[in-house]
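First comes the structure, then the notes that go with it.
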Amino acid sequence: MIEKILKNNNLKVTNQRIKILNIINELGCNSTLKNIIDNSNDVDTSTIYRTIKTLEDRNIIEEISGINDDVIYVISDSNKHYIKCIKCNSIKEIDICPIELDDYIDGYKIISHSLVIDGICKRCQCEEKTSLLCSL
C-alpha cells in the first residue's frame, strides 16, 4: 500500500519514505514529529524533516494541530475525519462525513477535503462539571 502511494505520486520508493509512512500510519493520531523521530532509530533526523516536507508537498500526508499545539501528521485520506477537544487538544478519528466527493458547493466541484471538528471530550466535560455522574 505504501509503495503504491509513493509510485502514484511519482516519488522514488525509498526505505526511509516507506519507514516514515509506516510509522505515521501505525501511530495514527499520535504521530507527532517527536514520536516519528523516536520511532525512526535508523533514519537521520534531517532526512525525516525532508521526507515529511516532500510528503506534505505531494499531499500524501497532512498536518492536524494536536495536543499542546504539536502538529500531528496523518496520511491524507478523504475518508478520514477527526474531532479535536478544544480543552485538552486530544484528537480522535471519526467515521462520519457530511460531504461526498464529486458533490458541488457554491459551484465548486469537490475533489477532496479534510475535516477537523472542534468539541469538548467527555473527560473535559466531566472535569468542568466535577460530577460523580461522569464515568470514563
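The values are calculated or read from the model by the stated rules, or taken from the named source; none is laboratory data. A quick note: this is a predicted structure, and the numbers were derived from the prediction, not measured. All Cβ positions, even for glycine, are placed from backbone atoms using ideal geometry, and neighbour counts span all protein chains on display. Ligands, DNA and RNA are stripped out before the accessible areas are found, and what is left, the full protein with its side chains, is counted by its heavy atoms. Shrake-Rupley method; radii C 1.70, N 1.55, O 1.52, S 1.80 Å.
When the helix-only estimate is applied to the chain (DSSP H runs of n ≥ 4, each -39,500 (n - 2.57), divided by the residue count), what is the mean residue ellipticity at 222 nm, nearest 500 deg cm²/dmol? Write down the numbers at each step before the final one.
Numbers: 5 runs with 47 residues, N = 136.
Calculated mean residue ellipticity at 222 nm is -10000 deg cm²/dmol.
Leaving out ligands and nucleic acids, and using a 1.4 Å probe, what accessible area per residue does the chain come to in Å²?
Here the per-residue accessible area is 67 Å².
With point charges of +1 on the Cβ of Lys and Arg and -1 on the Cβ of Asp and Glu, referenced to the Cα centre of the stretch 4-59, which listed residue (28, 8, 59) lies farthest in the positive direction of the dipole?
The Cα lying farthest towards the positive end belongs to 8.
Calculate, for residue 99 and residue 53, the FRET efficiency according to 1/(1 + (r/R0)^6) with r their C-beta to C-beta distance and R0 30 Å; round to the nearest 0.05.
Calculated value: 0.60.
Tell me the carbon and sulfur percent of the accessible area for the stretch 1-109, rounded to whole percent, probe radius 1.4 Å.
43
Choose one answer from 53, 84, 92: the residue with the largest mean-square fluctuation in a GNM of the chain with alpha-carbon springs under 10 Å.
Highest fluctuation among the options: 53.
May I ask for the net charge around residue 50, where only other residues with Cβ less than 14 Å from the Cβ of residue 50 are counted and Lys, Arg are +1 while Asp, Glu are -1?
Charge balance in the 14 Å sphere: +2.
State to the nearest 20 debye the size of the charge dipole of the chain about its Cα centre, where the only charges are +1 on K and R beta carbons and -1 on D and E beta carbons. Intermediate values should be presented prior to the final figure.
Values: 17 positive and 21 negative charges, 59 e Å.
With only Lys, Arg, Asp and Glu charged at Cβ, the dipole is about 280 debye.
Please express the Cα-Cα pair-distance distribution P(r) of the chain as a list of whole percents, one per 5 Å bin, running from 0 to the bin with the greatest distance.
2, 9, 17, 17, 17, 14, 10, 7, 4, 2, 0, 0
To the nearest 0.05, what FRET efficiency results for residue 106 and residue 71 with a Förster distance of 30 Å applied to their C-beta separation?
So the FRET efficiency works out to roughly 0.50.
Once the mean 1/r over all distinct Cα pairs of the stretch 1-45 is inverted, what Kirkwood radius in angstroms do you read off?
The Cα-based Kirkwood calculation yields 10.9 Å.
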